[in-house]
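One structure is given here, and the rest of the page talks about it.
The values are calculated or read from the model by the stated rules, or taken from the named source; none is laboratory data. Please read all numbers here as calculations on a predicted model, not as lab measurements. Cβ placement follows ideal geometry from the backbone for every residue including glycine, while neighbour counts extend to all protein chains displayed.
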Amino acid sequence: MKPLDIEPLTEGSVTQQASGRLVVETSGQGFTDLTEAASRWVFSTGILHGLLTVFCRHTSASLLIQENADPDVRADLLTALDRLAPREVGYLHTTEGPDDMPAHIRAMMTATSLSIPVLEGQMALGSWQGLYLVEHRDRPHNREVVFYLIGA
Amino acid sequence: MKPLDIEPLTEGSVTQQASGRLVVETSGQGFTDLTEAASRWVFSTGILHGLLTVFCRHTSASLLIQENADPDVRADLLTALDRLAPREVGYLHTTEGPDDMPAHIRAMMTATSLSIPVLEGQMALGSWQGLYLVEHRDRPHNREVVFYLIGA
Amino acid sequence: MKPLDIEPLTEGSVTQQASGRLVVETSGQGFTDLTEAASRWVFSTGILHGLLTVFCRHTSASLLIQENADPDVRADLLTALDRLAPREVGYLHTTEGPDDMPAHIRAMMTATSLSIPVLEGQMALGSWQGLYLVEHRDRPHNREVVFYLIGA
């Protein structure tokens, strides 16, 4: 087997950092697409090459990069999370309602932070990748996401 | 629907990086709170704005950002990990004991690295978020965590 | 209990960033070891201290840092992923074949991005840690991974 070789893409200096904040009003369990908002903000900073980090300030909502084409994929992912973290197994922590502890487990299995390289002013997402906030609670919540970009 | 707009928070130059190392003596399966240690170290570097990355150098222990209020949440998370990666299903890898392979699976489902923006000298954690090392093995272990901060 | 204290390792300026791209030809469900390729590329950039971020541009393949010693661990991890995201539960999204939706779920439970501190020119991986691309589809695919390094 021939060795795997990483092909150099870009190199340069590092001069700049920026941060931003997004409040998302969710409408209960489900996905909110943050891709366009992130893309516009990256462009607005003037940073062409660097690293974008997205951070979710909650423990019952989380982040995912997943398929942006067929919405059935997102529906199936929610069903899978329901199956992996069911309501009816009996939890110690019940004071915030029957959907709260499953929401923490679903957040544990997904991402609180994600980092995406930025090349030529654009996030290096694949063609089928979207950036999503995932609400795991039943009821609508205001969720805060912090964006951090470093580069030049 | 109105478009989601990221509100600019900070911007500035990038001048500095720092790294540190923490050895945690765990006492078997469970959570160790690293929030305060991380917070003190971030302060000690003098970096006010930037990005903190936390990295766990093990494959049977891992990292999580989870609720810091009700300890029952952490207990329920451990029970959920037990259920998701049970001992009694039969594994090929058994030489290191019956708790080792479930520990690798639990590490796989949680985080080996986490990145947290730092704003005004503080990690941008939400009010209910704590940073934890999670030991997945039964017996006490010494676990090494690397901290890396970049910014200005 | 004595407080946890992070021991300072390195500090310095930040001057440089670099990115690279790797195409991995997978041969169906399984692990491809990227550790050596990443290590050689980090060395080639001349950056001695910094942060490496690895990003997978797909939603049915993903990244993991896992045990590099006993190959049975990786076999057991694949079995665990099969059990956690089974084929036969009935999905809405079936147009790309019966292995596609389970592959998205397995990618959701693992990592799309990973960040590893670099110290003295080397990734700060633990002795038993390897960096892997995990193919979740049955058939061979070309998978693209982006590497990003920042530091000095």
Point to revise | Residues being in contact with a Lys or Arg (Cβ under 9 Å, 6 or more places away or on another chain) and among the charged types (D, E, K, R) - total across the stretch B:100-132 | key: 1
Review point. Which members of the stretch C:113-150 meet the condition of being more than 8 Å from chain B (Cβ to nearest Cβ) and of a type in the set (A, V, I, L, M, F, W, C)?
Key: C:V118, C:M123, C:L131, C:L133, C:V134, C:V145, C:V146, C:F147, C:L149
Point to revise | Evaluation of C:G30 against (1) more than 22 Å from C:V146 (Cα to Cα); (2) modelled with pLDDT of 95 or more (one fails), failing number | key: (1)
Revision key, fill the gap. Being at pLDDT 95 or above, at the interface with chain C (Cβ under 7 Å from one of its Cβ atoms), in contact with a Pro (Cβ under 9 Å, 6 or more places away or on another chain) and within 30 Å of A:E88 (Cβ to Cβ) narrows B:A85, B:A18 down to just B:A85
Study note, to complete from the structure: Requiring at least 2 residues that are out of contact with any Gly (no Cβ under 7 Å at 6 or more places or on another chain) and crowded, with 21+ Cβ neighbours inside 10 Å, the strands (runs of 3 or more DSSP E) wholly within the stretch C:1-117 are C:16-25, C:50-56, C:61-67
Check your understanding: Which one of these does B:Q66 not meet: (1) touching a helix residue (DSSP H, G or I) at 6+ places or on another chain (Cβ under 8 Å); (2) more than 7 Å from every other protein chain (Cβ to nearest Cβ); (3) polar (S, T, N, Q)?
Key -> (2)
Point to revise | Residues located in the stretch A:131-152, provided they are surrounded by fewer than 20 Cβ atoms within 10 Å (Cβ to Cβ) and over 20 Å from A:P8 (Cβ atoms) | key: A:D138, A:R139, A:P140, A:H141, A:N142, A:E144
Revision key, fill the gap. Within the stretch C:124-142, residues being assigned to a strand (DSSP E or B) and either closer than 16 Å to C:F31 by Cβ or in contact with a Ser or Thr (Cβ under 6 Å, 6 or more places away or on another chain) (or both) number 7
**Study point:** Candidates B:Q66, B:Q16, B:Q29, filtered to the one that is closer than 22 Å to B:S115 by Cβ and in contact with a His (Cβ under 9 Å, 6 or more places away or on another chain)
**Key:** B:Q66
Review point. Just checking, how many residues over the stretch A:69-82 are in contact (Cβ under 8 Å) with a residue 24 or more places away in the chain and within 14 Å of chain B (Cβ to nearest Cβ)?
Key: 1
Exercise for review: Could you list all residues from the stretch B:35-76 that are charged (D, E, K, R) and within 21 Å of C:M123 (Cα to Cα)?
Suggested key: B:R57
Review point. Out of the stretch B:1-39, which residues are aliphatic (A, V, I, L, M), without any contact (Cβ under 8 Å) to a residue 24 or more places away in the chain and under 23 Å from B:A75 (Cα atoms)?
Key: B:A37
Revision key, fill the gap. Cβ pairs under 6 Å, 6+ apart or interchain, first in the stretch B:104-132 and closer than 18 Å to C:L84 by Cβ, second polar (S, T, N, Q) and assigned to a loop (DSSP other than H, G, I, E, B), ordered by first then second residue, are B:H104/B:T59; B:H104/B:S60; B:A107/B:T59; B:A107/B:S60
Revision key, fill the gap. Residue hits (the stretch C:39-59; hydroxyl-bearing (S, T, Y) and either over 30 Å from A:Q66 (Cβ atoms) or at the interface with chain A (Cβ under 8 Å from one of its Cβ atoms) (or both)) are C:S44, C:T45, C:T53, C:T59
